[in-house]
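Asks: Here it is, the structure in full.
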Amino acid sequence: MNRYRVVRIGAVVLVLLLAHDHVVAEESSATATDYALSTTPTNHPILLSLDACVVLALHAAETAGQLNGEVPQAEAQLRQAHSDSLPQLHLSPQIRAFLSDSSSTDLDISVDLGERFLEIPQNLARRRIARGRLDQAEQRARRTSEQHAVKVQLAYLRCLSAQNDVQLAHARWESAHAAGEVWKDMTLEDPDLAEQQTMATLEARHAKDAYQDSEAIEEACFGQLAMLCGLDPHDCLLEKLPRYAFPPISLSRCLAWWQDHRTDVIALEKQVTMMSEVIHLARLGHWPRARLGVGYDDGHSESEFDDDPRGAFAMFALSIPIWDAGHTRARIDEAVAQRDALLARMAVMKNNIPSTVTDAFLQLRKSVQAFERMSVDPKPERCFEEAKAKFDNGDISNIKFAVERLLWDSHCADIAEDNRACYEAEAKLCEVLQASRFELSAGLPETDASVTP
């Protein structure tokens, strides 16, 4: 056991005492969620669980428009595509004055029904493209939400780790400071003792620097978590992690589940489908384009050259593409190239995902097994109970019993750290599966709807 591990042991009791003193609220995770979602101010810190932090952060990000920023734009594009397929009225009044001895005026009024009204196949393709963009935006919004949830989970775990590091660094600094005070006022002529005095002073200064650095890291971690949750850092207290239990999932279930639920794969598939519509729309550029309108012409009154008819008229125009210098062909080739690139990208993605899912699943399994082995190991507790019995009977000294207590406290700290490592491995599995913690705990259900708290 190295020196840092021995000093680390002494901080466990202090950690437990501080945790007991700081639990000033008995609200559950749901109560914490209701607090953050309400507008009623409070002067008491809130005890937040991991799940409550995820819910709060998702709500704060959604309120700020960080999760679905592309969806309104895609919805507007879909409405625009629908409007292009409907009749549109464009009024075009025209007055012409003839400069001659017997001048007269000519009034023309026409109503155009829209350039794209009669482009029926083109309009159908545009609407399908707009619908594809909306589907992609919704999948990307869901993906952003999943990534944000994992980010909050890791931020929560970093805060817990930073809290523990602060307690350990504080205990180490107190120990080094006490040792330095013993040597401080001594005047020593022995070179060996003088060297020990110098090293003790140096160790105390280094321990203080480490303690200050750990406090700064803790403050930064809590600041990030509070910002994600939309709370003040001083209003947040973190709940201890419950004992982790492996979710009811298997590797085969994970490998089958991602194929239908990974939002980035779904979004890419929808983009490929949309590009097929883009190709179809580009090919329609070879088709003739029609235009329809109605109007009124008053003719040339009071003129000897009044040969134009007078009255209402209907207008139908047809534009037939003869030669566009290869513009339509270039648009088709560009769309085909983009679709082929998307297909290649999707093939690479689908080829790489199974290995990442497998690695994340096995890491979670390994972390849980390490945690279970350490938590059921009877030897540390048995040694501590034997030492306690000997100390009560006066068979060992107070110093010897303190060492045994430090060993037991170190074992408890290692169990807590392994438990936190399980939650971190779970967050990474959620990331590669693109699933929520609630879906994972439910056994990755078949339903497409995400399980919400």
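Asks: Report the label-to-label distance for MET227 and LEU318 in nanometres (one decimal), using points 7 Å from each Cα along the Cα→Cβ vector.
Replies: 6.4 nm
Asks: Of the peptides 198-206, 372-380, how do they stack up when ordered by the mean number of other Cβ atoms within 10 Å, highest first?
Replies: Going from most to least packed, we get 198-206, 372-380.
Asks: For the pairs LYS240/LYS366; LYS379/LYS400; LYS366/LYS428; LYS240/LYS428; LYS208/LYS390, flag any whose C-alpha to C-alpha distance is greater than 25 Å. Can you show the working numbers first?
Replies: On the way: LYS240/LYS366 22 Å; LYS379/LYS400 18 Å; LYS366/LYS428 13 Å; LYS240/LYS428 20 Å; LYS208/LYS390 36 Å.
Cα-Cα > 25 Å for LYS208/LYS390; rest within.
Asks: Still on this structure, please answer the following. Compare the peptides 356-365, 315-324, 244-253 by average per-residue count of other Cβ atoms within 10 angstrom and give them in order, highest first. Intermediate values should be presented prior to the final figure.
Replies: Values: 356-365: 17.4, 315-324: 9.6, 244-253: 13.8.
Final packing ranking: 356-365, 244-253, 315-324.
Asks: Same structure, new question: For each of VAL54, VAL150, VAL272, VAL348, count neighbouring Cβ atoms within 10 Å of the residue's Cβ, then give the residues from fewest to most. Could you put the intermediate results ahead of the total?
Replies: Numbers: VAL54 26, VAL150 21, VAL272 18, VAL348 10.
The most exposed by this proxy come first: VAL348, VAL272, VAL150, VAL54.
Asks: Can you sort VAL152, VAL294, VAL278 from fewest to most other Cβ atoms within 10 Å of each residue's own Cβ? Please list the in-between numbers first.
Replies: Numbers: VAL152 24, VAL294 14, VAL278 21.
Least to most surrounded, the residues fall as VAL294, VAL278, VAL152.
Asks: Using the count of nearby Cβ atoms within 10 Å as a rough guide to exposure, how do SER410, SER161 rank from fewest to most?
Replies: In order of increasing Cβ crowding within 10 Å: SER161, SER410.
Bear in mind that the values in this text are calculations on the coordinates, not laboratory data. Everything numeric in this text was worked out from a predicted model, so none of it was measured. Cβ coordinates were reconstructed from backbone atoms using ideal geometry, including for glycine residues, and neighbour counts include every protein chain displayed.
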